Each structure stands twice: as structure tokens, then as C-alpha cells.
Amino acid sequence: VQNQRAECSFSTVTWEQNTRTPFRFLADAFEVMEATTSRLSLIKILTQVFQKIVDTTPDDLLPCVYLCTNSLGPAHEGLEFKAGEATVLNALSSATGTSVKVLKDRLVKLGDIGDLAAECRTTQQTMFKPPSLTIQGVYQEFRTMANLTGKMSTKEREKHLQKLLVSASSKEAKYIARIVLGKLRIHIAYKTVIAALATVFAAKHEGASVKEATATLNAVYSQLPVWDRIIPVLIQNKSTVGLEEQCKLTPGVPVGPMLAKPVKEASDVLERFQECWFVCEYKYDGMRAQIHYLPDGKVKIFSRNAEDDTPKYPDIVEGIKFAISDNNTVSSFIIDSEVVAYDPETNTMKSFQELQGRARKEVKLEDIKVPVCVFAFDILFLNGESLLKWTLKQRREKLFETFTPVQGKFQFTTSKVFTDWEGVDEMMDEAVQAGCEGLMIKALTGEFSSYEPSNRSQNWLKMKKDYMNSIGDSLDLVPIGAYYGRGKRSGVFGAFLLACYNPETEEFQTVCRLGTGFSDEFLSSITKYYNDGRILSEPKPYYRVSDTPFIRPDVWFEPCQVWETRCADLTLSPSHTAAKGMITAEDKGIALRFPRFVRIREDKSVDDATSAEQILELYSHQSSKM
Ligand code: ATP
């Protein structure tokens, strides 16, 4: 016991070997993590948490990882908490006997549901001491709550939550309330989890390193992002050795999509693909779709973000089977594609906005108003075999052999193979004429042409027509605050403070004040959206904002949306903090000049926002061309 105490600087909670881990232990860890902004310190604390659990009750590691990441299971399972503020207030009211009205008033003063829950517990007396909470128990209770359906489910959910709150200490209640509302915000993304797991499970033999263990975990997680599959193997093997063989790409589980780097001109492309074959494909303006065909004949479709989009596309589920060249030889596959709204009468592609207008849930075949066409560009898995390590040339041949296009329903991307620039400009024009954003340019042969899950590398480049003379790409940024509108815009927000995400420091760093590109309808609806419980009384500790008065917003936002934004160029700025400390001018950050709003990126989460490193790359590239 003393040893365990010495290991965990943040908690004195102890428990017997192989008995359930007290939730109090995790609540102690959350409390210190909440006050920590340094990524290294966060990893250290999380490593201590994982190590202690592995040493005492290894079965609790899996629920612990899910609770730390404020989730209930893998992304593609789509299990959500489904509880709103009202549910938490009602449960708190029943657990403490305080009226909802009093709780609501107090919440306005405190500003945080967690602080409110903690305060209620401090003042409440119970006659009998309820059983103490465990990590496993809390996690299972949350899953039960999330799985409830039907008319009475809200009431039932309240009862489950009330039960948890009655047994909770003040600190435990604080984090239970926050987790249920998806507001744990200790900012632990999967990368921090990987770093901590790598430290705990690095092989113990000589020459082995945490770096190797991290690389293995990253590779495995990008192919099989399911902790339920990875963690039991880690515990069984006691290290990351052998993990890659036991956790492989599996149809039915989405793999992280390969991403592209932006380029502006021919010389950038030629520099990268000197004397080697590359393929240019139309860059379609639709939504990414990873289509899985399982050995039992089921079809699953996943979004860029690993969400299960199958209910949205019954037409693709139905149609894909007709595109398989020979049903007798195909038992399973995973293909990568872009889904585009399509007019079958005129055989033309329609805009991204049309596609966005399509219903999302429980769509019935007969109700579909916006037909779509799948444009397939890659195959990652076929008949039980992973093709990730194959060259793109080989994968394309396999794709063309396995499928036969069906006009307007399933087609291959328009593509041409090149070794030099001759003809690429014409193809760019044709792509834009056809309604595409530009071209994707991909390494075709050699070791660099494998499929790299979740990676944004030089092996896939994207070139968009409208940015060839500007910075090369639009940016996906997170609004973290807003300024009240004046004159015509009074009563709504008139401008917003936007930030990029720095995964290294896990901070949102500001890049611009954005006030252009909005319609009046958009401003009213977005004002309503944020006023609906998404305003903060103070900025998050992980918002990095300078003291310049012009930058300080009138209100702070929860980080919950990603906005695609264009700009004329990037410039060094004393007022913004993006990439600050990563450039030679230490005291300056990078800012967007003449930013303009394009659209909300529903398919991206805030952690997928443009990173500080990407902004620095775009900036450096732009200055080197000036
Ligand atoms: P963007 O804003 O350009 O869509 P992103 O961050 O979503 O950026 P990128 O990797 O930068 O993703 O751009 C590639 C995206 O373009 C893919 O995610 C995919 O949805 C789309 N796309 C369209 N046509 C193709 C194609 N032929 N090959 C690969 N991706 C394509």
C-alpha cells in the first residue's frame, strides 16, 4: 500500500488487489488534471492512474480509459449520453431534495453544472452511508442510461443518475454531472491515452523504448480504433509486443482516413514526385465515405469521423452489391470513396449544400429526394486480406477488377497517370468545369504509395483551383468567443474569435477575428445556438488568448463547432497565439488576413481543426514563395 501511495502523488485512495477500483481515485486524478495545462504533466498523471489500475485491478483499465476520454465506447458504436441539463437538474433535485428552481438559480451564479453538483453534495446529510462508487459501476451505469430508449427513457435516465449522485461524494458528483453532459473537459484525447499506455506497456527488455511502444499503439489504433479490442491484448501480453498481429484492420470497424497536404503550384508537386509516377484524380466536393462489406453480407458506411452513416445511405447499401464484378469471389472489402449529390436525369454532380440537405437518420429508400453517386478511389481490404501496405498502383488495379461502374450510382474517380506536369493544368480545368474543387495528386508506386491511416503526408497532395494564388487551402477553425453586433447586426453576434488546435499542448490558439461571409439568417441562428447553454462565464484554461483588448471577446464559447474559413494570406501577429513559440519570432503568433466564413464542417470534431503545425507550414511555405 505504501508503494502505491508513493506512486500516486495526487491521491491517497487505496484498494485491495482484484477488488473494484474506487471512482474516488479517478475523481482525485480528474481534479489535478483539470488544473494542469502542460501536456507532459497530463501524460504523467494519466500514466500513474493507468499503472496503479494495471497493478491492482487490470479489468478496470478499459472503463477508466472511456471515462477519461468522456466517451462510452468506440466512435463507430455511436453510443451517446443523451442527457441534457434538465435531466441532471431533476436528478440532483431528487437526490438532494432541493427544488429545480433553486438549483437553476444557483447554476446561473456558479456557471458550471459540476460545481453545482459538488455544492449540493456538501450540504446534504444522509441517514445511511450508501455503497461507494467504483469505476466499473459508474461506467456500466452510464452505458445503461445511454441504451435506454422509448417514451419513459428520460425519466428512467434521471433515476439512474439520481442513484449515482446519492452514492457520490462531493468531488465524485462534480465529475459525474460533467461527464453526463459531455463536459468533462480535462482535455484527454486519444493521443494522451496512447502516450500514457505506451509508458505503462513499453516492453521491459533491453533496447525497448516508450517511443517504439507509442509507434506500435499509434499504428494499431489507426487501423482498429477500438479500446475494447486493444486493451485486453495489452493486459494479456503485459506489453505492446505482439499487438500488431492480434489487432488488425477488420471490416465493420472504420479505419482512420488518409489525408492530404495542400499544394499551390506545379513546382510543389514536381519537387515531391520527381521522376516517379503519380496519379491525378478529380477532388469531388462531397462527403468521405468508407464502405465496408462484411463476411455476413452486411454493408456499413462510415464518415470521415468514424461515425456510422449507414442509416443515412440505404441507397448505397442496396446499390453497392450491383457494382461488385463477381459476387462469387468477393466475401468482404473496405473501400474509400467520396459521396456526391447527383442528378440522374442530366448525369451531373450537384453541390455540397444539396448533399448536406439530405436526411441523416433512418432514411427510407422510397423517401430519398437527393440521389447520390459513390466515387470510389481506393481499396484497403479484400477477402480477409489487408491491402494497406500495397502500392496505390496495385490497389487501384484491384479496385478496378473488383468493381464495375454503374452510371450515376457507383463510379471510379476520373483519374490520369502522369510522370511530369504536361497535361495536369488541363485536367485541373476539366475538374473545375465538372464541378469539382480541384485535383488530388497521389504517389502511385514505391514505398510511399501505401495507404497511411489517419496520416496527412506528402504522398497525397490536394490542389484547389481557387487557392492556387493564395495560401493553398481553407482552414477549419473553432469559434471560441464572439463580439456583439452593432447597427444592422445589433441583437446578434457580429464577429467571432477563431482558434486552431495545437494537439501538442492541447490548446486552442487564436488566429483571427472573423466578421465576413455570414448571412443575416446564419447570424441569428448561430446566436441562438450558442446562447442555448454554450456560453461560458470565463475562458477555458486551454484557450490561449493574448491580452490585446481588440481580441478579447464579449462572450466565451464552449468549443463545439468547426468552421471552414478562407483568407488572403497568413501573417505574423503580436495579437494572436497560433503557433506561438514554434516560430523564430518567439513573441508572435500567426494570423489570417482578410478571413471569410465558408461553411460549418459538420463532419469534423474540434480536435480535427487545423493544427498549429499546419498553420505554421502554410505560413512558412507562403513566405518562402514571396
Ligand atoms: P478539405 O477541406 O479539403 O475537404 P479535409 O481536411 O476534410 O479537407 P483533406 O485530406 O485535407 O481533408 O482533403 C481530402 C478530402 O477530399 C478527403 O477527405 C475526401 O473527403 C475528399 N476527396 C474528394 N475527392 C477525393 C479523391 N479523389 N481522393 C481522396 N479524397 C478525395
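Annotations for the structure displayed:
- Unique match (being more than 16 Å from the ligand (Cβ to nearest atom) and either at pLDDT 95 or above or of a type in the set (A, V, I, L, M, F, W, C) (or both)) among PHE278, PHE333: PHE333
- Residues located in region 554-596, provided they are among the charged types (D, E, K, R) and touching a residue at least 40 places away in the same chain (Cβ under 8 Å): ASP554, GLU558, GLU564, ARG566, ASP569, LYS580, ARG596
- Of the residues ILE186, ILE176, the single one that is outside any helix (DSSP H, G or I) and buried (at least 22 other Cβ atoms within 10 Å of the Cβ) is ILE186.
- Candidate set from region 230-254 (those that are over 21 Å from SER209 (Cβ atoms) and in contact with a Ser or Thr (Cβ under 7 Å, 6 or more places away or on another chain)); member that is surrounded by the fewest Cβ atoms within 10 Å (Cβ to Cβ): LYS248
- Residue match in region 400-410 (condition: more than 30 Å from ARG513 (Cα to Cα), part of a strand (DSSP E or B) and among the basic types (Lys, Arg)): no
- Selection from region 336-353 of residues that are within 16 Å of the ligand (Cβ to nearest atom) and farther than 18 Å from GLN290 by Cβ: ALA341, TYR342, MET349, LYS350, SER351, PHE352, GLN353
- Residue match in region 145-165 (condition: part of a loop (DSSP other than H, G, I, E, B) and under 30 Å from GLY111 (Cβ atoms)): yes
- Beta carbons closer than 7 Å, at least 6 apart along the sequence or on distinct chains, pair a first residue in region 441-454 that is over 19 Å from THR414 (Cα atoms) and part of a loop (DSSP other than H, G, I, E, B) with a second that is of a type in the set (Lys, Arg) and more than 13 Å from the ligand (Cβ to nearest atom) for SER450/LYS389.
- Inter-residue pairs, beta-carbon under 7 Å, first more than 16 Å from MET427 (Cβ to Cβ) and in region 253-269, second of a type in the set (Ser, Thr, Tyr) and more than 13 Å from the ligand (Cβ to nearest atom), 6+ apart: VAL255/SER222; GLY256/SER222
- The criterion of at least 2 residues that are within 13 Å of the ligand (Cβ to nearest atom) is met by the following strands (runs of 3 or more DSSP E) wholly inside region 556-626: 563-566, 596-600.
- Residue within region 195-203 that is closer than 26 Å to ILE231 by Cα, among the aliphatic types (A, V, I, L, M), outside any helix (DSSP H, G or I) and at pLDDT 90 or above present: yes
- Members of region 469-501 that are more than 16 Å from the ligand (Cβ to nearest atom) and under 19 Å from ASP603 (Cα atoms): PRO479, ILE480, ALA499
The values are calculated or read from the model by the stated rules, or taken from the named source; none is laboratory data. Keep in mind it's a predicted model, so treat the numbers as computed, not measured. For neighbour counting, all protein chains shown are included, and Cβ atoms are generated from backbone atoms with ideal geometry for every residue, glycine included.
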